[in-house]
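Just passing along the structure, written as structure tokens.
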Amino acid sequence: MTSIEIISLVVTIICLLSFCIVFTFLFRHYYISNINEINNGHNDVDLLELAKEEEIINKSKKKRVTNIISKVISYTLLSVVLIGFGISVYSRFANNNLLFGNEGYVVISSGSMSKRNEVNTYLDEYHLNNQFNTYDIINIRKYNKQEDVKLYDVIAFKGDDGNIYVHRIISIDTKDNTYITRGDSNSASDPNQLYKGNLTYNKIIGYYTDKKIDTLGIFVIFLQSNSGIITIVSIIYCVIMFDHFRNKYDEAIYNRQEKLIKLLEFDLNSDDEVSKYTSLIEEEILIYKNNKYIFSNGELVDIKLNITESELNELKNIKPLIDNEFNIKEEKDKKGNNFFNKLKSKFNKENKDK
């Protein structure tokens, strides 16, 4: 590697490493904060409403099928990316030669076959129009035997430097069955540049079948570069970290929902609402079916069954009043950035669309 390439690689590593650290810190802080809010009972009403809405959606056959399809598409796309990355890395160590069995593909990394040099008069004489551009991916096939090699075939061969080149055969020495090649864009042949003397059959990998994929090779070249590998590894790391914290977050929601449903004997199919209040000593109170549940730091500390109307009215006058059945809309509008409100809006929209 040149000094410029080394500096570029170091800068890439530093930038992506910094990105991963910041990403991890921000997501960890965000999700841990929300998990603590959930565990401390600050979003109990929202969680119960969310559980009810999820129950409605889960009963919808159409929605279940949609969820399954979306997951299949997501995992398929992820698999395609990982397979593409794996193939690109393998291609790097195989000198861009992806030969499996008798057929394979070569990623074109130069423009030696991209145009017709006027010096090469045989191109016009024999109507040889099967050129291809840099970053194209071409299909190659092995010869069955040496006698199948023909003049003006475009072949992939291994040069003396170990790299793979794709040029046209412009001359065959029938005495020793060796070949001279040249790129269509070049004015000079390959002997003494890519190989000493003439090219021998054992160095030929295969011939171009005139099938190609335009431009896609640019992604392969990038993915197999040092910067590309580091970038993909960083993205995979971020996806894993996101999934890790998201799963812990979802687990916290699920556990809290299950706990509340069990404590309150909450009926997901009922229209009964849950009201929430905060006392002067920072206790959180949930009212459900005329029963009062008192929580402190997210843990149930007392239950009072069948409270009277006067007790309920007294609760409504306690300040600060966080949320009750009379001012839900007003308070929720003030908390427009609340994550759970966004979730509820999403579920409400999906229910209306059904």
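Can you name every one of the strands (runs of 3 or more DSSP E) wholly within the range 163-250 that holds 2 or more residues which are within 39 Å of the chain's Cα centre (by Cα)? Don't jump to the end; show me each part of the working.
Details: elements: 164-173, 178-182, 204-213.
In the range 163-250, 164-173, 204-213 are the strands (runs of 3 or more DSSP E) which contain 2 or more residues that are within 39 Å of the chain's Cα centre (by Cα).
On the given criteria, is Ile56 modelled with pLDDT of 85 or more, in contact with a helix residue (DSSP H, G or I) (Cβ under 8 Å, 6 or more places away or on another chain), part of a helix (DSSP H, G or I) and closer than 19 Å to Glu258 by Cβ? If you could, list the steps in order and put the result at the bottom.
Numbers: modelled with pLDDT of 85 or more: no; in contact with a helix residue (DSSP H, G or I) (Cβ under 8 Å, 6 or more places away or on another chain): yes; part of a helix (DSSP H, G or I): yes; closer than 19 Å to Glu258 by Cβ: yes.
Against the criterion (modelled with pLDDT of 85 or more, in contact with a helix residue (DSSP H, G or I) (Cβ under 8 Å, 6 or more places away or on another chain), part of a helix (DSSP H, G or I) and closer than 19 Å to Glu258 by Cβ), Ile56 does not qualify.
Need a quick list: strands (runs of 3 or more DSSP E) entirely within the range 253-354 having at least 3 residues that are modelled with pLDDT of 85 or more.
Values: elements: 275-278, 284-288, 291-296, 299-304.
Because the criterion is at least 3 residues that are modelled with pLDDT of 85 or more, the strands (runs of 3 or more DSSP E) in the range 253-354 that meet it are 284-288, 291-296, 299-304.
For the range 250-291, name all the residues that are among the aliphatic types (A, V, I, L, M) and touching a helix residue (DSSP H, G or I) at 6+ places or on another chain (Cβ under 9 Å).
Looking only at the range 250-291, we keep the residues that are among the aliphatic types (A, V, I, L, M), and these are 252-253, 260-261, 263-264, 268, 274, 280-281, 285-287.
Those that are among the aliphatic types (A, V, I, L, M) and touching a helix residue (DSSP H, G or I) at 6+ places or on another chain (Cβ under 9 Å): Ala252, Ile253, Leu260, Ile261, Leu264, Leu268, Val274, Ile285, Leu286, Ile287.
When only residues in the range 240-269 that are β-branched (Val, Ile, Thr) and in contact (Cβ under 8 Å) with a residue 60 or more places away in the chain count, which is farthest from Ser33 (Cα to Cα)?
Per the criteria, the residue is Ile261.
Could you list all residues from the range 85-108 that are open to solvent by less than 70 Å² (accessible area, probe 1.4 Å), of a type outside the set (Phe, Trp, Tyr) and at pLDDT 70 or above? Give the steps one after another, and end with the answer.
Taking the range 85-108 and keeping what is open to solvent by less than 70 Å² (accessible area, probe 1.4 Å), we get 85-86, 88-89, 91, 94-99, 101, 104, 106-108.
Pick out the ones that are also of a type outside the set (Phe, Trp, Tyr) and you get 86, 88-89, 91, 94-99, 101, 104, 106-108.
If the condition is that a residue be open to solvent by less than 70 Å² (accessible area, probe 1.4 Å), of a type outside the set (Phe, Trp, Tyr) and at pLDDT 70 or above, then Gly86, Gly104, Val106, Val107, Ile108 are the ones that fit.
Moving to a separate point now. Any residue in the range 1-18 that is modelled with pLDDT under 80 sitting within a Cβ distance under 7 Å of a residue that is surrounded by 12 or more Cβ atoms within 10 Å (Cβ to Cβ)? List the pairs, counting only those 6 or more apart or interchain.
Short answer, once both residue conditions are applied: Leu9/Asn226; Leu9/Ser227; Thr12/Ser227; Thr12/Ile230.
Is it true that some residue in the range 209-227 is over 30 Å from Leu151 (Cα atoms), open to solvent by 60 Å² or more (accessible area, probe 1.4 Å) and not β-branched (Val, Ile, Thr)?
yes
Quick one: in the range 269-293, of everything that is open to solvent by less than 20 Å² (accessible area, probe 1.4 Å) and in contact with a Ser or Thr (Cβ under 9 Å, 6 or more places away or on another chain), which residue is nearest to Ile56 (Cα to Cα)?
Tyr288
In the range 19-35, which residues are out of contact with any helix residue (DSSP H, G or I) (no Cβ under 9 Å at 6 or more places or on another chain) and open to solvent by 60 Å² or more (accessible area, probe 1.4 Å)? I'd like the intermediate steps shown before the answer.
Within the range 19-35, the first condition is being out of contact with any helix residue (DSSP H, G or I) (no Cβ under 9 Å at 6 or more places or on another chain), and the residues that meet it are 21-22, 25-26, 29, 33.
Within the range 19-35, Ile21, Val22, Phe25, Leu26, His29 qualify.
I'm trying to understand the selection: among the residues of the range 125-150, which are within 35 Å of the chain's Cα centre (by Cα), in a loop (DSSP other than H, G, I, E, B) and not polar (S, T, N, Q)?
The initial filter retains those residues of the range 125-150 that are within 35 Å of the chain's Cα centre (by Cα), namely 131-141.
Those still in the list that are in a loop (DSSP other than H, G, I, E, B) too: 131-136.
Across the range 125-150, the qualifying residues are Phe132, Tyr135, Asp136.
The values are calculated or read from the model by the stated rules, or taken from the named source; none is laboratory data. In this text, all values refer to a predicted model and were calculated from it rather than measured experimentally. So basically every Cβ, Gly included, is an ideal-geometry build from the backbone, and we count neighbours across all protein chains shown. Note: accessible area is taken over every heavy atom of the protein model, side chains too, but ligands, DNA and RNA are not part of it. Shrake-Rupley method; radii C 1.70, N 1.55, O 1.52, S 1.80 Å.
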